[in-house]
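Peer 1: Structure provided below as structure tokens; questions to follow.
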Amino acid sequence: RQVTGSQRPGSLICMLLFCLLFVIVTPPPGAATASSLRVMTYNVYGMFVQDDVPLAVMRPHRPDLVLLQEVRNTQHVTALSQALGLSYWRFAPYARGRGGVALLSRWPLGPAHKLVWESSPQGKVALAARVDSPLGHFWTCSVHLDNPLSRRTPTSLWQKALFLWQEFFTATPRTQQAQELST
């Protein structure tokens with residue numbers, strides 16, 4: 001279908017307005033306000049990666065709150081917490097053992113609430129706690145859903161397309177876990 005001259009200016013004006021709004025609303029890079037909050041989430045792949053790798057990524061950003069997945073144990077969480085200067089933390093082991101999820105915070109954390117997925121063959125979990133920050137009180141949650149590629153990795157193009165179809169358009173364990181978290 002050919003675009004007529006009367007359709008083009010309207011879409012151009014909309015695009016220009018969107019860009020102008022983006023420039024006005026978005027703060028310049030590096031501009032921090034007095035009420036900024038720096039949050040990071042990181043899967044540290046704890047059993048296989050040395051701590052200096054994730055720390056090299058996280059330290060320069062000076063996060064106030066870090067949500068971690070695949071930490072080894074409480075000693076691992078303690079070491080990461082100290083290295084990042086985040087005094088408060090919570091840890092929840094996976095239901096099947098070997099690692100867990102953690103919350104690290106600059107500010108005090110309330111009691112932790114662990115959610116064990118009913119539909120998790122891998123025993124993954126979510127961990128939530130209330131953060132008592134100077135900006136106010138809010139909840140944070142570190143989540144680790146099951147890895148759909150843990151049993152088999154698609155190799156052919158057809159297998160990859162089928163995998164994507166199933167992930168996006170069918171009820172998978174990850175879909176059920178996301179629904180449990182939402183509830």
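Peer 1: Along Cα→Cβ, 7 Å out, is where each label goes; now give me the distance between the ones at THR78 and PHE48 in nm to one decimal.
Peer 2: So the two model labels end up 2.8 nm from each other.
Peer 1: Given labels modelled 7 Å from the Cα in the Cβ direction, how far is it in nm from SER182 to TRP165?
Peer 2: For the pair SER182/TRP165, the computed spacing is 2.4 nm.
Peer 1: Can I ask one more? Would you work out the relative contact order for segment 74-183, in percent, from Cα pairs under 8 angstrom that are 6 or more residues apart? Can you show the working numbers first?
Peer 2: Values: 168 pairs, mean separation 21.0, N = 110.
Reported as a whole number, the value is 19 percent.
Peer 1: Continuing with the same structure: Can you work out the FRET efficiency for the pair TRP158 and ASP132, with r the C-beta to C-beta distance and R0 = 35 Å, to the nearest 0.05? Mind showing how you got there, number by number?
Peer 2: Working: r = 52 Å, r/R0 = 1.47.
Efficiency for this residue pair is about 0.10.
Peer 1: Could you order SER182, SER142, SER119, SER150 so the one with the most accessible surface comes first? Probe is 1.4 Å.
Peer 2: Numbers: SER182 100, SER142 0, SER119 30, SER150 70 Å².
Final ranking, largest accessible area leading: SER182, SER150, SER119, SER142.
Peer 1: Any chance you could look up the accessible area of ASP52 with a 1.4 Å probe, heavy atoms only, rounded to 10 Å²?
Peer 2: Accessible area of ASP52: about 100 Å².
Peer 1: Here is a follow-up. Classify segment 46-134: rounded, prolate or oblate, from the alpha-carbon gyration tensor (a ≥ b ≥ c, eigenvalue square roots; a/c under 1.5 rounded; otherwise prolate if a/b is larger than b/c)?
Peer 2: Numbers: a/c = 2.30, a/b = 1.24, b/c = 1.85.
Verdict is oblate for segment 46-134.
Peer 1: Ranked from the most accessible area to the least, with a 1.4 Å probe and all protein chains present, what is the order of MET47, MET40, MET58? Display every interim value, and only then the final one.
Peer 2: On the way: MET47 75, MET40 35, MET58 0 Å².
Per-residue accessible area, sorted high to low, gives MET47, MET40, MET58.
Peer 1: Mind listing the phi-derived Karplus ³J(HN,Hα) values for segment 135-143, rounded to whole Hz, using 6.51, -1.76 and 1.60 with θ = phi - 60°, and x for any glycine or proline?
Peer 2: Taking θ as phi minus 60°, the curve returns 7, x, 9, 8, 9, 10, 8, 9, 10 Hz for segment 135-143.
The values are calculated or read from the model by the stated rules, or taken from the named source; none is laboratory data. In this text, all values refer to a predicted model and were calculated from it rather than measured experimentally. As a convention, Cβ positions derive from the backbone with ideal geometry for all residues, glycine included, and neighbour counts pool all protein chains shown. Surface areas here come from the heavy atoms of the whole protein model, side chains and all, with no ligands, DNA or RNA. Shrake-Rupley method; radii C 1.70, N 1.55, O 1.52, S 1.80 Å.
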